[in-house]
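Comments concern the structure below.
The values are calculated or read from the model by the stated rules, or taken from the named source; none is laboratory data. Because the structure is a prediction, the values reported are computed rather than measured. Virtual Cβ from ideal backbone geometry, glycine too; neighbours counted across all protein chains shown. What goes into the accessible areas is simple: the full protein's heavy atoms, side chains included, and nothing from ligands, DNA or RNA. Shrake-Rupley method; radii C 1.70, N 1.55, O 1.52, S 1.80 Å.
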Amino acid sequence: MLPGIVSLTLHPVKIRHPEEIRRLSDTLPPYRLVRVLPDMDTRPEDSALVWIGYTPDELVIYARLYQRGINANSRRRDAPTLMRGREDHIKVILNTKGWGMISPYYAVLVNPLGTVADRYGNSQWDGENYAKTRVHDWGWEVLLRVSFSTLDYTRQPWAINVTRTIVSKSELQMLSPNLRGDPEYDAQLVLDWEYIKPKKQVEVVLIPSFRLQSEADSSWNGDLRRREIRPTAGITVRAKRGQNELLDATLLPDFSDVDVDIVEFSLSRLPVDYPEKRPYFTEGRTYAPEGRLIRTRNLIQPLFGVKFYSARERNDVYLNTLKDVYLGSVAFGKATWRPLKELSLSSSFVITDSANYQLFGGRGTYYFRPLNFNFSSSLYRNFPEDAGRFSASLERHLEKGLSFVLWYSRIGKGFLSPFNVRAINFDNNEARGGWMGYNDYLKLYGKTLSYEAGIHYRFNREIGGVVLSENFGGYYHLLMVPWTLNGSFTVAYYGYLKYLYGYDRLYGIDDFTARYVEMSLPGYFRSEWQTASLSVGFGEYLGHPMRSYTASLRVSPFGVNTGLIAYVYRTILDDLRMIQYYGEVPLPLGVILKPYLNYTEDVKWDYSYLEGNFVLLWEPGPLTGVYLAVNKRLVGNTPKALQHTYEKEVFKVQVRWKVW
């Protein structure tokens, strides 16, 4: 620990029933959260009082959170808005490997509506965490229960922190101030291990799923072909001990994700790399090989698979092997060793039945505590192609102050394959770049102004050859709730459009530079689902004028989350107009309706596209739910000539059944 820092030690009270902590709150002294952003205040106006207890089965946290008005709209477990902290919430952080250890931690977030989101490190958790909330005229209260049976822990003091976010005031409160993210700044939680009931050695869960899909696409004349109806059923058997040991065996799994990725647009012409969302791949992702080695979204339709991981205080192991309909068999894994608190060493492999991709390599990361930055370096080699990938980076991330990233990578020809390629075949190249940003807070006229500004640079060229791309830019973001202001500038060179895509021959373009600015008018922001903004972009793109206009509106009348986005992009290559509607509609019995509609018109190429779908879902628990999804797609030369090109309906049932 750094000099002058004294760790807070907590001795939670022993109770027999979770509700007992609520009654004891009238007599027991509370732990009081401290405001750390926008400034330090040990007695903030909107105070947060916390009591901590535990039964033989659960850790119990009860909190009273005082504030005028609440901002919360998420009602679905693990909602992205709540995960990102973009609405009022309380968060409990636990490092059960021991206080002061640099290792993944458990995080449980709860908003005033009682919605729970949880994760372990960067992985989906889906632990047995339950919350009850009540909203009052003075604020809200929450009773959170975390089951010991879903935690993997050591019998020594844990690290704990409790944070509370008030979005309307850009305020962050913490039980133990720790803006550095240093584990030695968290509080110590001391438990009586004799009082805690020993957990089962192994928990066995069956996850059967059934899917009925109806699908039809278009023929050459635009008519829909005969509809194909396919029923499928699969099952996953999961043996789990705590959170850090798991064995999954799956047969004909339904890895479908009924949610929809909202279409995005980029002037760089590179396809958007949408994230992995399927639980089979996201759970345990903390221990898995990095995405540059194996991109799981490329594994579209697995037939069967087995996944195993085990994590300990000093080491962990991950192994995943499966057979995909399109890419064939693949096995990938990673082993990590932490000889010191600050040092992590790992080795990874990917083995496939392809003759062109067999990979092995390693990575090392060191946390330099006095300056609070991470240095990491990796070296991997695809042996059949004798192609390697080397990278090194230096990173520093702070909640307040100066943050930066410096990085370098070199990829040999033949390193990329269908198993790890993302958007474009950028191998046989070296790249370097960096980012630097500064964020802080000011008190002006009794309100808080949060501001952030930064610059970034990236250079990419073929090894010993031409420059593929170069990009320099900057940005700023100002927020004084409810008003916000944003802007950015970019100066870029897109050489790959010439050397890899042949845009000079296809479109007669001889200037591959871009210089453009994007600026917003003063916008409105109170929470993720209470925003309004209008931005414009202008400059030059590929030697010709570029213009863009974006209008965005998110509202939540009567608890119905509704979003509208309108885009206009005009360049030498496109004259696009896009309108998107999306939302979340709460229905009785916990049912949620998620509509989505996207209309795109390309005037330059005489092309119109309309796609709509809705998802009706009911999720009473983790990995348990009933889903109904309907999708329709229409394409034509004009809005009046749109023809059906694709239809799909999906009914899905999945159940998580604990058998032991």
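Just to verify a number: FRET efficiency for N122 and L593, C-beta to C-beta distance, R0 = 35 Å, to 0.05? About 0.70, to the nearest 0.05.
Note on surface exposure: D440, D182 rank D440, D182 by accessible area, highest first, 1.4 Å probe. When D26, D137 are compared by accessible surface with a 1.4 Å probe, the order from highest to lowest is D137, D26. Shape class for region 158-214: oblate, because the ratio a/c of the largest to smallest gyration tensor axis (alpha-carbon atoms, square roots of eigenvalues) is 1.5 or more and b/c is at least a/b.
Taking a probe of 1.4 angstrom, what is the accessible area of F538 in Å², to the nearest 10? Counting only protein heavy atoms, F538 exposes about 90 Å² to solvent. Working from label points 7 Å from Cα in the Cα-to-Cβ sense, the Y366 to V603 distance is 5.8 nm.
Once the Cα-Cα distance is subtracted from the 0.36 nm per residue extended length, the M40 to L398 segment shows a gain of 127.3 nm.
Accessible area of M519 (1.4 Å probe, protein heavy atoms only, ligands and nucleic acids ignored): about 80 Å². Starting from the Cα of Y507, move 7 Å in the Cα-to-Cβ direction to define the label point; list residues of region 535-549 whose amide nitrogen is under 12 Å from there. Flagged as within label range: 541-546. Taking 0.36 nm per residue of separation and subtracting the Cα-Cα distance, full extension of the segment from V13 to I300 would add 98.4 nm. To the nearest 10 square angstrom, what accessible area does K658 show with a 1.4 Å probe? Its heavy atoms expose roughly 90 Å² to the probe. Each label was represented as a point 7 Å from its Cα along the Cα-to-Cβ direction; for I235 and R23 these points are 4.5 nm apart.
With an a/c value under 1.5 for the gyration tensor axes a ≥ b ≥ c computed over the alpha-carbon atoms, the chain is described as rounded. Residue order by solvent-accessible surface for K323, K413, K604 is K413, K604, K323, largest first, with ligands and nucleic acids left out and a 1.4 Å probe. Residues of region 49-77 with an amide N closer than 18 Å to a point placed 7 Å from the Cα of E194 along the Cα-to-Cβ direction: 54-57.
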